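The values are calculated or read from the model by the stated rules, or taken from the named source; none is laboratory data. Bear in mind that the values here come from a model prediction, so they are computed numbers and not experimental data. Positions of Cβ are backbone-derived with ideal geometry, glycine not excepted, and every protein chain shown enters the neighbour counts. What goes into the accessible areas is simple: the full protein's heavy atoms, side chains included, and nothing from ligands, DNA or RNA. Shrake-Rupley method; radii C 1.70, N 1.55, O 1.52, S 1.80 Å.
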Amino acid sequence: MAFPEPKPRGPELPQKRVKTLDCGQGAVRAVRFNVDGNYCLTCGSDKTLKLWNPLRGTLLRTYSGHGYEVLDAAGSFDNSSLCSGGGDKAVVLWDVASGQVVRKFRGHAGKVNTVQFNEEATVILSGSIDSSIRCWDCRSRRPEPVQTLDEARDGISSVKVSDHEVLAGSVDGRVRRYDLRMGQLFSDYVGSPITCTCFSRDGQCTLVSSLDSTLRLLDKDTGELLGEYTGHKNQEYKLDCCLSERDTHVVSCSEDGKVYFWDLVEGALALALPVGPGVVQSLAYHPTEPCLLTAMGGGVQCWREEAYEAEGGSS
């Protein structure tokens, strides 16, 4: 603070639309960045999964093999594999380069809302409306899961994985954290059906969104409520939330056609970004840059900070 500046520059928020992808796969149920943020996946209601370069707007590959709409997908740390889950109750492991189905895991009794790889991409974790999280071994030929976590009393809406923890949000209003090293389960009651949960990038906190149009920031270890964020609308749909690339802002989809950004520490609304006339179904935040992807209807919108200039002129 010793240097007088005309205006202190806060973290830049992505609010300039630089690209719109017309995905051509029905409604886009989810959009996800890959591990380094160079590519993204879109999950379609037409049973397909698509891989894009979002800043260029180029479609790289289409993955077909689900029997019903695809609801979530994730890429492995080395970008060689994808996993996806959907309304056909199946969890699918894909080879990125060939586009082929490597394995199809069946065992869930209802649609699969959420999928994640573990850090080594040796296990896929899937959460379903059947109230269970199942862990599938990518390397063995065993048809059944290696582990089933069935503590939830209602559907699983969100699963996130760190090196030794599984964070799960459920419609029963509880966020559960499984410490795999210690073999312990920690549960925090939010009281409203949970739509999304995630770790902060520093691993100290968890962010939880629920159907009472409120996001809550919890201390990961104690469960203490550190902050509440309101102003958006989330009463019906399973919507995404996340933290910005430097943990400075809380970001959430909304049913009123906007994406909301709040200052993490102060809790004040920093930006309500108008996306379009509908529900913002899904969002993804770039791991290292102020770049946001939003999904509405059949398209994905790519947002950057105001000063951003696309390579080779504006799009």
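Measure off 7 Å from each Cα along the Cα-to-Cβ vector at Val101 and Arg246, then give the distance between these two points in nanometres to one decimal.
If labels sit at Val101 and Arg246, their model points lie 4.5 nm apart.
What does the charge dipole of the chain about its Cα centre add up to, to the nearest 20 debye, if the Cβ of each Lys and Arg holds +1 and the Cβ of each Asp and Glu holds -1?
In total the dipole reaches around 1000 debye.
Roughly speaking, what is the stretch gain from Tyr68 to Thr20, that is 0.36 nm per residue apart minus the C-alpha to C-alpha distance, in nm to one decimal?
Numbers: separation 48, 0.36 × 48 = 17.28 nm, distance 2.52 nm.
Full extension of this stretch gives 14.8 nm more.
Determine the gain in length on full extension of the stretch Glu12-Glu119; use 0.36 nm per residue of separation and subtract their C-alpha separation, reporting nm with one decimal. Please report the intermediate quantities before stating the final value.
On the way: separation 107, 0.36 × 107 = 38.52 nm, distance 2.93 nm.
Contour length minus the Cα-Cα distance gives 35.6 nm.
Does a label point 7 Å from the Cα of Glu305, set along Cα-to-beta-carbon, have any residues of the range 262-293 with amide nitrogen under 15 Å, and which are they?
Flagged as within label range: 286-292.
Between Asn53 and Leu269, what is the FRET efficiency for a Förster distance of 25 Å, r being their Cβ-Cβ separation, to the nearest 0.05?
For Asn53 and Leu269, the calculated efficiency is 0.20.
Tell me which of Val70, Gly223, Asn234 sits at the most positive position along the dipole axis of the chain, charges placed on C-beta atoms (Lys, Arg +1; Asp, Glu -1).
Val70
Full extension from Gln184 to Ala109: what is 0.36 nm times the residue separation minus their Cα-Cα distance, to one decimal in nm?
Result: 24.4 nm gained on full extension.
Computing the accessible area with a 1.4 Å probe over protein heavy atoms, can you report the carbon and sulfur percentage for the range 250-315? Spell out each step's value before the answer.
Numbers: 1290 of 2480 Å².
Of all accessible area on the range 250-315, carbon and sulfur atoms account for 52 percent.
Counting Lys +1, Arg +1, Asp -1, Glu -1, what net charge surrounds Pro290 among other residues with beta carbon under 11 Å of its beta carbon?
Every neighbour counted, the sum reads -2.
Can you check what the net charge comes to around Leu60, using other residues whose Cβ is under 15 Å from the Cβ of Leu60 (Lys, Arg +1; Asp, Glu -1)?
+3
Of all the accessible heavy-atom surface of the range 1-122, with the other protein chains kept in place and a 1.4 Å probe, what percent is carbon and sulfur?
Result for the range 1-122: 49 percent of the exposed heavy-atom area is carbon or sulfur.
Round to the nearest 0.05 the FRET efficiency obtained for Asp221 and Asp137 when R0 = 22 Å and r is the Cβ-Cβ distance.
Taking R0 as 22 Å, the efficiency between Asp221 and Asp137 is 0.15.
Could you calculate the FRET efficiency of Ser162 with Asp212 from 1/(1 + (r/R0)^6), where r is the beta carbon distance between them and R0 is 25 Å, rounded to 0.05?
So, using R0 = 25 Å, E works out to roughly 0.40.
Viscosity 0.890 mPa s, temperature 25 °C: give me the Stokes-Einstein translational D for the chain in µm²/s, with Rh taken as the Kirkwood radius over C-alpha pairs.
For the chosen part, D equals 125 µm²/s.
How much of the accessible area of the range 168-233, in percent, comes from carbon and sulfur atoms when a 1.4 Å probe is used?
46 percent
P(r) for the range 64-130, please, calculated from all Cα pair distances in 10 Å bins and given in %.
Histogram of Cα-Cα distances, whole percents per bin: 24, 58, 18, 0.
Quick check for you: with a 1.4 Å probe and neighbouring chains kept, what is the accessible area per residue of the chain, in Å²?
44 Å²
Taking the convex hull of the Cα atoms, report for the range 160-223 its projected area averaged over all directions, in nm².
So the Cα hull casts an average projection of 3.8 nm².
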